[in-house]
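*Asks:* If you scroll down you'll find the structure; I have some questions about it.
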Amino acid sequence: MHPIFKTSLQRLALGIATLWVVSVLVFGMFEMLPGNFAQAVLGQSATPEIVASFEKRAGLDQPFLTRYGTWLVGAVQGDFGVSYNSLMNTGGQPRTVSSIIGTRLENTLFLAVAVAIVAVPLALGIGLLAALYRNSIFDRVANAATLTSISFPEFFVGYILMLFLAVQHPWFYATAKVDSLTTFSEHIARIGLPVICLVLVIVAHMMRMTRAAIINLLASPFIEMARLKGVPPSRVIWHHALPNAWAPIATVVALNLAYLVVGVVVVEVVFNYPGIGQLMVDAVQSRDIPVVQACAIIFAAVYILLNLSADIVGIVTNPRLLHPR
Amino acid sequence: MRGIEIEGQSEDTWFPIIKGMDLTLHRGEVLGLIGESGAGKSTMGLAAMGFARDGCRITAGSIKFDGMDLRTMPESERRKLRGVRIAYVAQSAAASFNPAHRLIDQCVETAMLYGVSSVAEARKNTIDLFRRLHLPDPENIGERYPHQVSGGQLQRVMTAMAMVCGPDLIVFDEPTTALDVTTQIEVLASIKEVVKELHKAAIYITHDLAVVAQMADRIMVLRYGEVVEEAPTRRMLTDPQQPYTKSLWAVRTLHKDEDTSGDKLLSIRNVVAAYGGGVRVLHDVSVDVPRGRTVAVVGESGSGKSTLARVITGLLPPVSGSVEFDGKPLPPALAQRPKSLLRKVQMIYQMPDPALNPKRRIGDMLGRAVTYHLGLTGKDRARRVSELLDMIELDDSYRERLPMELSGGQKQRVCIARALAVEPDLVICDEVTSALDQIVAEEILKLLLRIQKELGVTYLYITHDIATVKAIADEIVVMHQGKVVESGSKTEILTPPHADYTELLLSSVPEMDPDWLDNVLAERAKGGAGAAIAQDR
């Protein structure tokens, strides 16, 4: 078996193990919270009978390990249980967590992909140009601009964008309200402002890392050699420096993409976008524990998956590992 | 090159590196540039390509190459000359090849960029050069990545890369400095042959006199960015005019009378050692070190000599075998050794910089060792530090200095003082002069010899440099691939007949005689001892 394949499999196994540990932590954490769950969900006025009946329906009367086991078996198959909120009114139909999260997750991923498609090439492009023309006006402006954009809080950037690009000049939708009837093109049009806002937030980090990684390499003897071979500057960057810079760049890109899934709640609230971040905040407020658990696991999985991809990019672009002696 | 002045930037000030230098090179001639580090050799070599490193600038002078002025032409024009008509061979081939691309692609890059020849033709050309440079499997070696090829081979691949476009001038910047002697000789021979056959002009930069004597038609000695002396090779070797040149030539005269008496201080018996439980790096090594003497451990990189030091110091407990110190077995691991034993074995490293804490003053460093091991404090401690500084011939004012305020040689002196501060019996010197210039190294060796005479301390001196061994050893241990090839008194080892590997090692050390390389190669071609091993490599 090719060593790369083997290493990747090892990393994947490690990722799955990490995810399992996270699941134990997430599940155990709620167990350790003080007080009675059902009572807390139902409120002070609930009678002991109502509490007992709720506990029975929610499976809270079972011992911890049984509940964890049932939950884990379900979670592996994509079933994260039933929302507590839907269990509260006895008459209503219980809703599964998956059905609640499903569309929200889709929305979040839609936004994340849209941002990534704009932000990653933009950041790499600006980073490469800044490295190529370092200490030039372009480099300074790019650095200052990205640093400024990352320094403002997201909600502020969001409202400013809304003020200028939606209210004063009605070029974009002010809010990003979408539902199941929204068409694809409509969806894209709706999320214009959140995309711009998030691009501004994540470009700085990736661009600066790209620039730093390339500049760091430019001090290597093999870059001097390339220049002494008469290789023009753009080719030095593109052909000689960049292939050796993928590992650090991939790491920072992965971190920022993960942020797009797990950290966008502020932007979602500002633009009233029905994503998973908002859902999790609502679920925490209403103590809908199964939803919170599912969100936490999804966030952990996103982090692990993206970091795993960054690791694999690092391995695949390292000729020492790709072509062993 | 006429009236060349080059400045370098340090923080915000510019200081001169080259102070008005002239250099003339004729077609087909090899010029040797020689000098110590900081003399401006590399800077001058690069300037011959119209190139200044980042943080350097050429401020005056003209660089005429085949009638064209490299200084006044636009950068894009200079670029078209580089790699095509003027090529460069760097010191460390391992660092100078891009790790991400195949060797052959890197070799033909310039030819491809400037349309010197078709890629297919350039490849054919490169393979032909690989063959001329005696690389194994010339057809396919180019398909490999840099990390898949050994250092000596890489250096030859780089020479081939420089020659692919058929340049008129090649700048060789210390091309064999990073190589072992037995590898160096082959690379030197290949380079010499190709340069001569293809009638190239070359600037050959090195700090090694014996090497430059083999390669150059004419030698230029540089110091502090100025030319000290310039003459044809033979005249320069036999009749140097300037005092500085004479002092360079005189360096190899240090000598010590051998004395192998003394009871055993250290006795290593059948030691086997491995890293990470895997690959064995020492196989059944036995060495005896007599008290008050110097035992030199000689070998090339990968021979296991530094590993032996790690075993003795307890950093790497051996897999099997024993180490006896002063008649008693030495606990294998560092953690098992009492403080009193730790004091008795001290170590001096190759690089003084990483060995000295940059934030501590010299007096503190020495004082700490004194207090920790000898328990001296206050005035006693201060007196001991003064004694130590006196011993290493540094002024008492140095106790207030930081390592960065010292020169390389002074830093190594401080390392010596720190080792001696605790009154050790055995000092392990691991390549302590390898990173230093010849003249400075010579002074360090003199210091070590004087201290041995005064204090009776025992040295285990690890080195790859035969000249150093001749200068300071009483006994010699020759190591090769983790085994002791030969050991005995200096005279025994250095007088024929030798073991095969020792023969190869000794005969590979360049000598000042300009005919040395040709003679050795002729000798080896006849099939003398050591030739068999040389063939294998």
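*Asks:* Would you tally the residues in the stretch B:427-462 being within 28 Å of B:Gln184 (Cα to Cα) and out of contact with any Cys (no Cβ under 8 Å at 6 or more places or on another chain)?
*Replies:* Counting residues in the stretch B:427-462 that are within 28 Å of B:Gln184 (Cα to Cα) and out of contact with any Cys (no Cβ under 8 Å at 6 or more places or on another chain) gives 18.
*Asks:* Report, by residue number, each residue of the stretch A:14-48 that is small (Gly, Ala, Ser) and within 14 Å of A:Tyr68 (Cα to Cα). Walk me through how you get there before you give the answer.
*Replies:* To start, the set of residues in the stretch A:14-48 that are small (Gly, Ala, Ser) comprises A:15, A:17, A:23, A:28, A:35, A:38, A:40, A:43, A:45-46.
A:Ser23, A:Gly28 - these are the residues of the stretch A:14-48 that are small (Gly, Ala, Ser) and within 14 Å of A:Tyr68 (Cα to Cα).
*Asks:* Further, regarding this structure: Quick check on this structure: which one of A:Ala245, A:Ala226 is touching a Lys or Arg at 6+ places or on another chain (Cβ under 9 Å), within 30 Å of B:Ala93 (Cα to Cα), without any contact (Cβ under 8 Å) to a residue 40 or more places away in the chain and of a type in the set (Gly, Ala, Ser)? Even if it seems obvious, please write down each step before you answer.
*Replies:* On the way: A:Ala245 fails: touching a Lys or Arg at 6+ places or on another chain (Cβ under 9 Å).
After applying the criteria, what remains is A:Ala226.
*Asks:* Assigned by TED's automatic domain parsing to the domain that holds B:Tyr114, more than 29 Å from the chain's Cα centre (by Cα) and not β-branched (Val, Ile, Thr): does that describe B:Arg71?
*Replies:* So B:Arg71 passes the test.
*Asks:* Another question about this same structure. Suppose we filter the stretch B:212-251 for residues that are charged (D, E, K, R) and over 20 Å from B:Asp22 (Cβ atoms); how many remain? Give the steps one after another, and end with the answer.
*Replies:* Taking the stretch B:212-251 and keeping what is charged (D, E, K, R), we get B:217-218, B:223, B:226, B:229-230, B:234-235, B:239, B:246.
From what is left, the residues that are over 20 Å from B:Asp22 (Cβ atoms) are B:234, B:239, B:246.
Residues that pass the stated criteria total 3.
*Asks:* Next question. Looking at the stretch B:56-70, which of its residues are away from every other protein chain (no Cβ under 14 Å) and out of contact with any Leu (no Cβ under 6 Å at 6 or more places or on another chain)? Walk me through how you get there before you give the answer.
*Replies:* Residues of the stretch B:56-70 away from every other protein chain (no Cβ under 14 Å): B:57-64, B:66-69.
Hits for the stretch B:56-70 are B:Arg57, B:Ile58, B:Thr59, B:Ala60, B:Gly61, B:Ser62, B:Lys64, B:Asp66, B:Gly67, B:Met68, B:Asp69.
*Asks:* I would also like to ask the following. Tell me the residue from A:Ala241, A:Ala300, A:Ala296, A:Ala254 that is over 17 Å from the mean Cα position of the chain (by Cα) and either more than 14 Å from every other protein chain (Cβ to nearest Cβ) or at pLDDT 90 or above (or both), please. Spell out the reasoning first.
*Replies:* Values: A:Ala300 fails: over 17 Å from the mean Cα position of the chain (by Cα); A:Ala296 fails: over 17 Å from the mean Cα position of the chain (by Cα); A:Ala254 fails: over 17 Å from the mean Cα position of the chain (by Cα).
One residue alone meets the criteria, A:Ala241.
*Asks:* What are the pairs, 6+ residues apart or on separate chains, where a residue within the stretch B:415-443 that is over 19 Å from B:Arg381 (Cβ atoms) has its Cβ under 6 Å from a residue that is part of a loop (DSSP other than H, G, I, E, B) and of a type in the set (Phe, Trp, Tyr)?
*Replies:* Filtered contacts from the stretch B:415-443: B:Asp430/B:Tyr349.
*Asks:* In addition: Would you mind telling me which numbered condition in (1) touching a Gly at 6+ places or on another chain (Cβ under 7 Å); (2) more than 9 Å from chain A (Cβ to nearest Cβ) B:Met73 fails?
*Replies:* Going through the list (1) touching a Gly at 6+ places or on another chain (Cβ under 7 Å); (2) more than 9 Å from chain A (Cβ to nearest Cβ), B:Met73 breaks only (1).
*Asks:* Just to be sure I understand, how many residues within the stretch B:100-115 are facing chain A (nearest Cβ under 10 Å) and among the β-branched types (Val, Ile, Thr)?
*Replies:* Summing the residues that are facing chain A (nearest Cβ under 10 Å) and among the β-branched types (Val, Ile, Thr) in the stretch B:100-115 gives 1.
*Asks:* Sticking with this one: Could you tell me which numbered condition B:Arg310 fails, if it satisfies all but one of (1) more than 28 Å from B:Met404 (Cβ to Cβ); (2) touching a Pro at 6+ places or on another chain (Cβ under 6 Å); (3) not small (Gly, Ala, Ser)?
*Replies:* (2)
*Asks:* Could you list all residues from the stretch A:132-190 that are touching a Phe, Trp or Tyr at 6+ places or on another chain (Cβ under 9 Å) and of a type in the set (D, E, K, R)?
*Replies:* Of everything in the stretch A:132-190, those that are touching a Phe, Trp or Tyr at 6+ places or on another chain (Cβ under 9 Å) and of a type in the set (D, E, K, R) turn out to be A:Asp139, A:Lys177, A:Arg190.
*Asks:* Here is a further query. Please determine, by comparing only the residues of the stretch A:203-225 that are within 13 Å of chain B (Cβ to nearest Cβ), among the aliphatic types (A, V, I, L, M) and out of contact with any Phe, Trp or Tyr (no Cβ under 8 Å at 6 or more places or on another chain), which one is surrounded by the fewest Cβ atoms within 10 Å (Cβ to Cβ).
*Replies:* Only one residue fits best here, namely A:Ala219.
*Asks:* Let me ask you something else. Please find, within the stretch A:18-55, the residue that is farthest from the chain's Cα centre (by Cα) out of those that are among the charged types (D, E, K, R) and modelled with pLDDT under 80. Can you show your working first?
*Replies:* Here is the first cut: in the stretch A:18-55, the residues among the charged types (D, E, K, R) are A:31, A:49, A:55.
So of that shortlist, the ones also modelled with pLDDT under 80 come out as A:31, A:55.
Values: A:Glu31: 26, A:Glu55: 34 Å.
Among residues in the stretch A:18-55 that are among the charged types (D, E, K, R) and modelled with pLDDT under 80, the one farthest from the chain's Cα centre (by Cα) is A:Glu55.
*Asks:* Moving on. Name the residues in the stretch B:212-266 that are β-branched (Val, Ile, Thr) and under 30 Å from B:Ser487 (Cα atoms), would you?
*Replies:* Initial filter on the stretch B:212-266 (β-branched (Val, Ile, Thr)): B:212, B:219, B:221, B:227-228, B:233, B:238, B:245, B:251, B:253, B:260.
Answer for the stretch B:212-266, where residues must be β-branched (Val, Ile, Thr) and under 30 Å from B:Ser487 (Cα atoms): B:Val251, B:Thr253, B:Thr260.
*Asks:* What single numbered condition from (1) more than 14 Å from every other protein chain (Cβ to nearest Cβ); (2) in contact with a Leu (Cβ under 8 Å, 6 or more places away or on another chain); (3) modelled with pLDDT of 90 or more fails to hold for A:Gly275?
*Replies:* Exception for A:Gly275: condition (3).
*Asks:* Identify, by number, the condition in (1) loosely packed, with under 14 Cβ neighbours inside 10 Å; (2) more than 31 Å from the chain's Cα centre (by Cα) that A:Val76 doesn't meet.
*Replies:* Among (1) loosely packed, with under 14 Cβ neighbours inside 10 Å; (2) more than 31 Å from the chain's Cα centre (by Cα), A:Val76 violates only (2).
*Asks:* For the stretch B:444-479, give me each residue that is acidic (Asp, Glu) and crowded, with 22+ Cβ neighbours inside 10 Å. Show your work before the answer.
*Replies:* Here is the first cut: in the stretch B:444-479, the residues acidic (Asp, Glu) are B:454, B:465, B:474-475.
Result: B:Asp474, B:Glu475.
*Asks:* Let me ask something else about it. Select, from B:Tyr501, B:Tyr461, the only residue that is out of contact with any His (no Cβ under 7 Å at 6 or more places or on another chain) and aromatic (Phe, Trp, Tyr). Break it down stepwise before answering.
*Replies:* Details: B:Tyr501 fails: out of contact with any His (no Cβ under 7 Å at 6 or more places or on another chain).
Criteria check complete, one pass: B:Tyr461.
*Asks:* Tell me, which residue of the stretch B:236-267 that is of a type in the set (Val, Ile, Thr) and within 27 Å of the chain's Cα centre (by Cα) is modelled with the lowest pLDDT?
*Replies:* Going residue by residue through the stretch B:236-267, those that are of a type in the set (Val, Ile, Thr) are B:238, B:245, B:251, B:253, B:260.
Keeping just the survivors that are within 27 Å of the chain's Cα centre (by Cα) gives B:238, B:245, B:251, B:253.
Details: B:Thr238: 87, B:Thr245: 86, B:Val251: 56, B:Thr253: 63.
Checked the stretch B:236-267; the qualifying residue modelled with the lowest pLDDT is B:Val251.
*Asks:* If you don't mind, another one. From A:Val261, A:Val302, A:Val266, A:Val281, which residue is without any contact (Cβ under 8 Å) to a residue 24 or more places away in the chain and either over 26 Å from A:Phe37 (Cα atoms) or part of a helix (DSSP H, G or I) (or both)?
*Replies:* Numbers: A:Val261 fails: without any contact (Cβ under 8 Å) to a residue 24 or more places away in the chain; A:Val302 fails: without any contact (Cβ under 8 Å) to a residue 24 or more places away in the chain; A:Val266 fails: without any contact (Cβ under 8 Å) to a residue 24 or more places away in the chain.
The conditions single out A:Val281.
*Asks:* For the subset of the stretch A:123-139 comprising residues that are in contact with a helix residue (DSSP H, G or I) (Cβ under 9 Å, 6 or more places away or on another chain) and surrounded by fewer than 16 Cβ atoms within 10 Å (Cβ to Cβ), which member is modelled with the lowest pLDDT? Spell out the reasoning first.
*Replies:* Looking only at the stretch A:123-139, we keep the residues that are in contact with a helix residue (DSSP H, G or I) (Cβ under 9 Å, 6 or more places away or on another chain), and these are A:123-134, A:136, A:138-139.
Filter once more, so that each one left must be surrounded by fewer than 16 Cβ atoms within 10 Å (Cβ to Cβ): A:125, A:133-134, A:136, A:138.
Working: A:Gly125: 93, A:Tyr133: 88, A:Arg134: 85, A:Ser136: 90, A:Phe138: 93.
By that ranking, first place goes to A:Arg134.
*Asks:* Oh, and also: Among the candidates B:Arg399, B:Arg360, single out the residue that is more than 28 Å from B:Thr463 (Cα to Cα) and loosely packed, with under 15 Cβ neighbours inside 10 Å.
*Replies:* On the way: B:Arg399 fails: loosely packed, with under 15 Cβ neighbours inside 10 Å.
Testing whether each residue is more than 28 Å from B:Thr463 (Cα to Cα) and loosely packed, with under 15 Cβ neighbours inside 10 Å leaves just B:Arg360.
Residue-by-condition table, conditions (1) within 13 Å of chain A (Cβ to nearest Cβ); (2) not in a helix (DSSP H, G or I):
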{"position": "B:Ala87", "(1), (2)": "yes, yes"}
{"position": "B:Ala94", "(1), (2)": "yes, no"}
{"position": "B:Ser117", "(1), (2)": "no, yes"}
{"position": "B:Arg123", "(1), (2)": "no, no"}
{"position": "B:Leu129", "(1), (2)": "no, no"}
{"position": "B:Leu135", "(1), (2)": "no, yes"}
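The values are calculated or read from the model by the stated rules, or taken from the named source; none is laboratory data. Everything numeric here is computed off the predicted structure, so don't read it as measured data. Here Cβ is always computed from backbone atoms with ideal geometry, including for glycine, and neighbour counts include all displayed protein chains.
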